[in-house]
Amino acid sequence: MAKTAERLPGLDALRLFAALAVVAYHGLFRGPHAPWGGGVRFPGLEDFAVYGCLGVDLFFIISGFAIAVTLRRRPPGPALGVAIGRVEGHMRDSAHQR
């Protein structure tokens, strides 16, 4: 049986933050195009809740990182090695473009 990898508490905290941001967006913010009316339910929290949709992006970034770390720990097969190399290349290219 394979040894389980140790968890990264910082990633778990980021994942929780991302999930709570999405819940805040859907539960607290009412955008101008909402079918039940515009505005916000809790005006004091509008500045925070409006950015809750970014929690989805953060969650996908964390998931991609977790998948990459998991794949890095496995012994690479031919296709897996090529896939990891391509992802690393794309990440390097996008980092240099910013």
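Taken together, the values in this text are just the output of simple stated rules run on the coordinates, not laboratory data. Small disclaimer: the values here were computed from a predicted structure and weren't measured. Virtual Cβ from ideal backbone geometry, glycine too; neighbours counted across all protein chains shown.
Could the peptides 58-71, 13-26, 81-94 be put in order, highest first, of the mean number of other beta-carbon atoms found within 10 Å of their residues?
My ranking of the peptides, most packed first, is 13-26, 58-71, 81-94.
At a 10 Å Cβ-Cβ cut-off, how would you order GLU6, GLU46, fewest neighbours first?
Ordered by Cβ neighbours within 10 Å, fewest first: GLU6, GLU46.
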